[in-house]
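Bear in mind these aren't lab numbers, they're just calculated from the coordinates by the rules spelled out. Bear in mind the structure is a predicted one, so any value in this text is a computation, not a measurement. Here the Cβ is made from the backbone with ideal geometry for all residues, glycine too, and neighbour counts use every protein chain on show.
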C-alpha cells in the first residue's frame, strides 16, 4: 500500500500551548481520509501542516515519500504542485461570476480548457448560475464552486478543511456527492476534516479521530466500531476519549 501523506511524531506548540502532541498518521494513496474531531481538537493545524503551509514544532512530514525540509523552497514548490488546499474560511470573489471565478484560477495555475470544463461540471451549477456574480450565491453554492476550483486541476492530493461547514443538509449532500464522484472517477487522495461523525461514516474509507491534539484512533471506520462495540462513530469517539 502506497502512502501519500505521513506524519511521524508531529507536534505543534503555539505561544507555549501544545496544539498537537506527537501525532502519527498515514494516508493511503487514492483513499478518502477523514480527520474527525470537535472544534479546537487540532484538525486545522494538522491540515495546514499536511499542506506544507505550517511548520511543525517537532517530528517529520512526508509527502509522496519526500521528507519535507521547510528550508528548501524548491522542494516545497515541487510538493505544492501535486496538492491543493481549501481552508474552511475560504470564499469566492463576490464581484466575479461563477465562470469568471473558475477561469481566473485556471489562468493562474495553467489549467487546460478541458479541466476548466471539468470544474464547471463538478460544481453542479447551471449555466445561468455561472453567469451570476458569486456574491448573489447561497453559502452552499459558493462552497461547491470553491471545491470545484480546488479539484479541477485533478491534484494528486486534495486537502479540504471542513468542506461542509455551515451548510444545510441539502447543500452538504451535494458537496459530498462531488467529493465521492471525484474520488471514484480519478482515484486521487482526498483528505478532509470534519466534526460531523455521520459525514465521516458516509464519505471515508480511513479515519483518524483527534481530541485535544492527540490521535485516539486511526484506521478503518468498521475496525473502530468493532473495537469499541459501538453502533456509530459518535459512540466510538466518546468511548475512546473516556478511556484516556
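Packing-wise, with mean Cβ within 10 Å as the measure, how do 140-146, 184-190 rank, highest first?
140-146, 184-190
Taking 30 Å as R0, compute the FRET efficiency from the Cβ-Cβ separation of residue 231 and residue 1 and round it to 0.05.
With R0 = 30 Å, the Cβ-Cβ based efficiency is 0.60.
For residue 80 and residue 184, compute 0.36 nm times the residue count separating them, minus their Cα-Cα distance, and round to one decimal in nm.
Answer, rounded to one decimal: 35.1 nm.
Once you have the Cα-Cα distance between residue 107 and residue 70, take 0.36 nm times their residue separation minus that, and quote the gain in nm to one decimal.
That works out to 10.5 nm of additional length.
Which peptide among 96-103, 120-127, 108-115, 8-15 comes first, and what is the full order, when sorted by highest mean count of other Cβ atoms within 10 Å?
In descending order of packing, they fall as 96-103, 120-127, 8-15, 108-115.
Find how much the distance from residue 136 to residue 168 grows on full extension, using 0.36 nm per residue of separation minus their present alpha carbon separation; answer in nm with one decimal.
Here the segment from residue 136 to residue 168 would lengthen by 9.8 nm.
Cα gyration tensor of region 109-205, axes a ≥ b ≥ c as square roots of the eigenvalues: rounded (a/c below 1.5), prolate (a/b > b/c) or oblate?
oblate
For region 4-89, treating each Cα as an identical point scatterer without solvent, what Debye log10 I(q)/I(0) comes out at q = 0.12, 0.15, 0.20 1/Å?
Ignoring solvent entirely, the Cα scatterers give -0.34, -0.54, -0.99.
For region 3-243, what are the per-bin percents of Cα-Cα distances with bins 5 Å wide, up to the bin holding the maximum?
Computed distribution, short to long bins: 1, 6, 14, 17, 19, 16, 12, 8, 4, 1, 0.
Mind ranking 192-204, 212-224 by how tightly packed they are, going by the mean number of other C-beta atoms within 10 angstrom, highest first?
Put in order of decreasing packing, that is 192-204, 212-224.
Roughly how many whole Å is it from the C-alpha centroid of region 158-197 to that of region 29-55?
14
Hey, quick one: spin label on residue 195, modelled 7 Å out along Cα-Cβ, who in region 1-38 has an amide N within reach, i.e. under 12 Å?
37-38
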